[in-house]
Amino acid sequence: MWSGLRVIDFYYFSGTGNTFMVVSEMKRVFERYGFKVNLFRIEKADPCRIKLTHMIGLGFPVALQGTYPFVWRFIHSLPRANGTPIFMVDTLSLFSGGVVGSIRRILKAKGYHTVGAGEIRMPMIFPTSQPAEKNTWIIHRGLEEARIYAEKIINGDAEWRGTPILSDFMAALSQCESAWRILRKLYPLRIDRSRCSRCGLCIELCPTNNIRMDKYPVLGDKCYLCMRCIAFCPERAISIPKMKRQANSKIEPAEILNVRD
């Protein structure tokens, strides 16, 4: 269906690596069908500089049944279009509710052609009593769903369905700074100085520039609990007290950081 539009600019944010895995898998499918795919990190990208002559992809995790405020800001700041095709994919552990319908309305009001919306279940960084084998199976199934979804986009079979009840409320909640302040108090991050090697990777990875170095990393008040610093800390020095996490991400930090800005 998209034979005349052979370039896809895929803007994404990945916290623990799940979204990066899904986006990378979709990229491989698109490239196998002859598309050129450019990856851009949402936290570093300028939405006003996107190329409306390319197909646009959006990828991000679900958070607070919506997504992170800086992802919302990127979407709200996209320029007006005249039928530019756009698709989205989110990764989630349970359900969203405040993503698909609300984002579709924003994009359609800006003049985009909303091609499809996919939601793919991936494992949490803080499993309860879930065995590692279960997480491996969830990843395997999620990547298969990503491949199928990418082929649907190519064939024109993808869908962007309607809006669940209370979608706009849940979308507004995830954009509310007060809600995030409450979450930061409930789930504060801690840095174990006895483990920390002061490598500075957490500073480089933080999407909101919330971490600075003062002998050891110091956390500010702009954290959105994306878990990126926790997932990629090589010394496992960053944690949320009393929450047992799974092993480090299988994605290398360089894979995310080396994506075009």
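The values are calculated or read from the model by the stated rules, or taken from the named source; none is laboratory data. Computed from a prediction, not measured in an experiment: that's the story for all the values here. Cβ sites come from the backbone with ideal geometry, for glycine too, and all protein chains shown count toward neighbours. What goes into the accessible areas is simple: the full protein's heavy atoms, side chains included, and nothing from ligands, DNA or RNA. Shrake-Rupley method; radii C 1.70, N 1.55, O 1.52, S 1.80 Å.
Residues are listed down the side, and each one gets a yes or a no for (1) touching a helix residue (DSSP H, G or I) at 6+ places or on another chain (Cβ under 7 Å); (2) in a helix (DSSP H, G or I); (3) among the basic types (Lys, Arg):
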| residue | (1), (2), (3) |
| --- | --- |
| Gly57 | no, no, no |
| Val71 | yes, yes, no |
| Asn82 | no, no, no |
| Asp90 | no, no, no |
| Gly101 | yes, yes, no |
| Arg105 | no, yes, yes |
| Lys108 | no, yes, yes |
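Regarding Ala179, is this residue among the small types (Gly, Ala, Ser), out of contact with any helix residue (DSSP H, G or I) (no Cβ under 7 Å at 6 or more places or on another chain) and over 28 Å from Arg32 (Cα atoms)?
No; evaluated as a whole, the condition is false for this residue.
Can you tell me which residue in the stretch 208-223 is farthest from the chain's Cα centre (by Cα), limited to those that are assigned to a loop (DSSP other than H, G, I, E, B) and surrounded by fewer than 12 Cβ atoms within 10 Å (Cβ to Cβ)?
Among residues in the stretch 208-223 that are assigned to a loop (DSSP other than H, G, I, E, B) and surrounded by fewer than 12 Cβ atoms within 10 Å (Cβ to Cβ), the one farthest from the chain's Cα centre (by Cα) is Lys215.
Answer yes or no as to whether Phe95 is at pLDDT below 95 and aromatic (Phe, Trp, Tyr).
yes
Inspect all residues belonging to the stretch 239-252 and state whether any of them is modelled with pLDDT of 90 or more, on the phi > 0 side of the Ramachandran plot and either open to solvent by less than 80 Å² (accessible area, probe 1.4 Å) or not in a loop (DSSP other than H, G, I, E, B) (or both).
Looking for residues that are modelled with pLDDT of 90 or more, on the phi > 0 side of the Ramachandran plot and either open to solvent by less than 80 Å² (accessible area, probe 1.4 Å) or not in a loop (DSSP other than H, G, I, E, B) (or both), one finds none in the stretch 239-252, hence no.
Under 9 Å between Cβ atoms, which residue pairs at least 6 apart in sequence (or on different chains) link something in the stretch 137-158 that is farther than 13 Å from Glu119 by Cα and open to solvent by less than 70 Å² (accessible area, probe 1.4 Å) with a partner that is among the hydrophobic types (A, V, I, L, M, F, W, C) and in a helix (DSSP H, G or I)?
Matching pairs, first to second residue: Ile139/Met21; Glu151/Val29; Ile153/Met26; Ile153/Val29; Ile153/Phe30; Ile154/Val29; Ile154/Phe30.
Any residue at all in the stretch 76-87 that's surrounded by 22 or more Cβ atoms within 10 Å (Cβ to Cβ) and closer than 22 Å to Arg147 by Cβ?
Yes, there is a match, as at least one residue in the stretch 76-87 is surrounded by 22 or more Cβ atoms within 10 Å (Cβ to Cβ) and closer than 22 Å to Arg147 by Cβ.
Looking at the stretch 187-207, which of its residues are closer than 21 Å to Glu255 by Cβ, loosely packed, with under 15 Cβ neighbours inside 10 Å and not acidic (Asp, Glu)?
Ser197, Cys199, Gly200
Just to be sure before I move on: is Leu143 in a helix (DSSP H, G or I), under 18 Å from Ile251 (Cβ atoms) and at pLDDT 85 or above in the structure I sent?
In short, yes.
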